[in-house]
1. Does at least one position in the range 366-384 carry a residue that is outside any helix (DSSP H, G or I) and at positive phi?
2. Which condition does Gly310 not pass, out of (1) buried (at least 17 other Cβ atoms within 10 Å of the Cβ); (2) among the small types (Gly, Ala, Ser); (3) out of contact with any Leu (no Cβ under 6 Å at 6 or more places or on another chain), if it passes all the others?
3. Could you tell me how many of the residues in the range 385-410 are assigned to a loop (DSSP other than H, G, I, E, B) and closer than 18 Å to Asn18 by Cβ?
4. Need at least 2 residues that are among the aromatic types (Phe, Trp, Tyr) per element, so show me which helices (runs of 4 or more DSSP H) inside the range 33-150 make the cut, counting only ones lying wholly within it.
5. Name the one entry in Thr265, Thr295, Thr258 that is under 25 Å from Thr370 (Cα atoms), modelled with pLDDT of 90 or more, out of contact with any strand residue (DSSP E or B) (no Cβ under 7 Å at 6 or more places or on another chain) and hydroxyl-bearing (Ser, Thr, Tyr).
6. Go through the residues of the range 237-253 one by one and say whether even a single one is part of a loop (DSSP other than H, G, I, E, B), in contact (Cβ under 8 Å) with a residue 24 or more places away in the chain, surrounded by fewer than 15 Cβ atoms within 10 Å (Cβ to Cβ) and charged (D, E, K, R).
7. Can you find, within the range 369-383, the residue that is nearest to Met405 (Cα to Cα) among those that are surrounded by 19 or more Cβ atoms within 10 Å (Cβ to Cβ) and touching a helix residue (DSSP H, G or I) at 6+ places or on another chain (Cβ under 6 Å)?
8. Pairs only if they're at least six apart or on different chains, beta carbon under 8 angstrom, first in the range 315-342 and hydroxyl-bearing (Ser, Thr, Tyr), second buried (at least 20 other Cβ atoms within 10 Å of the Cβ) and not in a helix (DSSP H, G or I); list them, first residue then second.
Amino acid sequence: MDNATAVFIVIALFALWNLDFVAAILNMKSLQPELPEEFKGIYDDDKYAQSQQYTKVGERFGIIKASFSLGVLLVFWFANGFGQLDVWVRSLGYSEITNGLVYIGVLMVANGIIHMPFDIYSTFVIEEKFGFNKTTPATFITDLIKGLVLMALLGLPLLAMVLWIFESVDNAWFWAWLAFTSFQLLMTYLAPTYILPLFNKFEPMEDGELKSAIQEMSKKCDFPLTEIYVMDGSKRSTKSNAFFTGFGKRKKIALFDTLIENQSTDELLGVLAHEVGHFKKKHIIQRLVFGIVQTAVIFFLLGLVTNKDGAFARELFDAFGVSQISTYAGLIFFSLLFSPVSRVLAVIGNMSSRKHEFEADAYAAEIQKTPAHLISALKKLASDNLSNLTPHPLPVFLDYSHPPMLTRLDALKKLENHRQDS
């Protein structure tokens, strides 16, 4: 291999794979056989052993999947798959935009088919073994079909617009970024109302103690909550969650039915106060701005690597055996070239996210006048989800968007001690 760009990409891909491999091994080695004192009475010995086994199985499965993905990519690449696919697409005689839709579409569908056995195994073997899976084969297939239809109806027009901009407009990176960002913001607004209900049922919460308590808390937080829904999360998994959606003066909340079943009213309010904290502390806006800026950088660099008159673009396309420079192939090649930078940005994003989680926890403790309810809720969530209680610092640094559970609980206890002392 005499192409410097190709050598760099291969080294980067192996380095990232090796980093993930080491992180997974360290995570398994950091498992402690003795149940942490904090969780005695929440886990019994059998359940704690099950949680450790769940971590081991998940890490091993992740290593196998990542190794397979890297192997398939390298075989396809070195067999000149990217170049041959481009030749075939161009032989169809379509426009450059249609060529791009076909080229990227074929790669995405092929990737989905190749990795589908992993999705099936994860859902129906691993999650089933540990008592989480509630997805039926019919639901799995229906979700897959709905996802493909949405991709065709939403993703293809967006991709076509981006390709057209790069082919037809000056300062294309800026206008493509603007179009992509506008689409993302529109989906953030429309998804809760029109897309999520395609996959789950959202029923208005019935009047009662819980609804009244949630409404009272939202008033106390000066949080403009307009609608409260219960989502049938148990349709697919026994795991629990809750989320807020909406902009401005119209906020909505959806609670998984599994969360309501497993938590008391005070514990649920602790979880919801945490989510409100993200809004009150402007975390949502900060993450949105970070994502928009990151996307701008990506589109700017994409414009450079797909410049047909640029020497680097020629070297990049030669690295993948593609003779004719195009925006659509450049999107694929750039994603591989950009992978080390993407990983760095993800680490930065996770660091910020973990900081936000601490701040939202503190907000919830302040609103409820005690961290006890959130502590109890987090313990139950960790137990219900078989969370790894003793992760190694490296995978935490690389991949954790939330602090390790014991670290969060320790921070909340310090808040309580400080409150009692003051």
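1. Yes.
2. Here Gly310 clears every test but (1).
3. Here is the first cut: in the range 385-410, the residues assigned to a loop (DSSP other than H, G, I, E, B) are 385-392, 400-404.
Checking which are closer than 18 Å to Asn18 by Cβ leaves us with 392.
Counting residues in the range 385-410 that are assigned to a loop (DSSP other than H, G, I, E, B) and closer than 18 Å to Asn18 by Cβ gives 1.
4. On the way: elements: 45-78, 81-91, 96-121, 137-150.
In the range 33-150, 45-78, 81-91, 96-121 are the helices (runs of 4 or more DSSP H) which contain 2 or more residues that are among the aromatic types (Phe, Trp, Tyr).
5. Numbers: Thr295 fails: under 25 Å from Thr370 (Cα atoms); Thr258 fails: modelled with pLDDT of 90 or more.
From the options Thr265, Thr295, Thr258, the qualifying one is Thr265.
6. Within the range 237-253, one or more residues are part of a loop (DSSP other than H, G, I, E, B), in contact (Cβ under 8 Å) with a residue 24 or more places away in the chain, surrounded by fewer than 15 Cβ atoms within 10 Å (Cβ to Cβ) and charged (D, E, K, R).
7. Taking the candidates together, the pick is Ala382.
8. Ser326/Thr306; Thr327/Thr306
The values are calculated or read from the model by the stated rules, or taken from the named source; none is laboratory data. Just so you know, these numbers come straight off a predicted model, no measurement behind them. In this analysis, Cβ positions are derived from the backbone assuming ideal geometry, glycine residues included, and neighbour counts consider all displayed protein chains.
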